[in-house]
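Each reported figure results from applying straightforward, stated rules to the coordinates on display, with no laboratory input. Treat the numbers as computed from the prediction; the structure is a model and nothing was measured. Note that each Cβ is placed from the backbone with ideal geometry, even for glycine, and that neighbours are counted across all protein chains shown.
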Amino acid sequence: MSSSTPQDITVDPFYERDLQQMAEAENYLAWQFALIRPYVGGRVLEVGARIGTFTRRLALIADHVTALEPNRYCFERLQRETGALANVTRRELTVEVFHAGEARSQRFDTIVCMNVLEHIRDDAAVLREFRGMIAPGGRLVLLIPAMPMAFGEIDRRLGHFRRYTRSGARDLLARTGWRSVAQRYFNVVGLLGWLWNTRVWVRHAQSDSQIRVFDRMIVPVMSRVERIAPMPVGQSLLAVGSPAAP
């Protein structure tokens, strides 16, 4: 594999290790979920459920969650973590396969992608598929990595094809049948840390100690600061869309 080619996350143990690292960052996960919660409800399609970290939270506020996850390791964890939840249906499928089959008879009130779109080579094609699966008045909720200048080896090893800007995400939504409802960057401190890792240290993996310090000491403060004063840049971008008029 070329160092410039993203890794296939359906078979990559590095990706699995990163998921486990981030699953321990409870404050950060709660912060992310608090950002998307106002836009989520009804029948939810979660694309890329991974190990069920957000699936459990979605199940608390949704009527029903259909969780898609193609990675075998992640799907097995997803089953264990959410097997007791009566309002969760799990499918070991990519969204493309789901769209070609089961989705033809279903419509969802919310489609949620938490750090997933960057793993898909043709993101525009998938957003057009989502457009055909959304109910009238529904919402598309995207949490995606931001700032292309921060793209580095960790992104490639995680299977990322790209990072996004706010204007780029807005244009992408418009081109694929969506109207932009809300957009905001968040986690400016995380962006600085990511740039340090990719541009200064040239690290190939995230550090357990960095994640612990970030989660326990920085997130509780930054989440409050950014709630009051939205940042002009950030490590991640929240982009919310609704179906555009034909």
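How far is helix 166-175 tilted, in degrees, relative to the longest principal axis of the Cα atoms in the chain, given as a value from 0 to 90 rounded to the nearest 10? Here the helix axis deviates by roughly 20 degrees.
Measuring nothing but how far apart in sequence close Cα pairs (under 8 Å, 6+ apart) lie, relative to its length, the stretch 159-238 scores a relative contact order of 51 percent.
Structural descriptor for the chain: relative contact order 23 percent, calculated from alpha carbon pairs under 8 angstrom and at least 6 residues apart. Principal-axis analysis of the Cα atoms of the chain puts helix 13-23 at an angle of about 90° to the longest axis. Each stretch of four or more DSSP H residues adds -39500 (n - 2.57); spread over every residue of the chain, this sum gives -10500 deg cm²/dmol at 222 nm.
For the chain, DSSP calls about 45 percent of its internal beta bridges antiparallel. In order along the stretch 77-82, phi translates into HN-Hα couplings of 5, 4, 4, 5, 6, 10 Hz, rounded to whole numbers, per the Karplus curve 6.51 cos²θ - 1.76 cosθ + 1.60 with θ = phi - 60° and x for Gly and Pro. Farthest toward the positive end of the dipole of the stretch 81-202, out of Tyr185, Asn197, Ala100, is the Cα of Tyr185, where the dipole comes from beta carbon charges about the Cα centre. In plain terms, the residue of Ile111, Ile218, Ile120 with the fewest other Cβ atoms within 10 Å comes first and the most crowded comes last, giving Ile218, Ile120, Ile111. By other beta-carbon atoms within 10 Å, ranking Thr66, Thr94, Thr55 with the fewest at the front produces Thr94, Thr66, Thr55.
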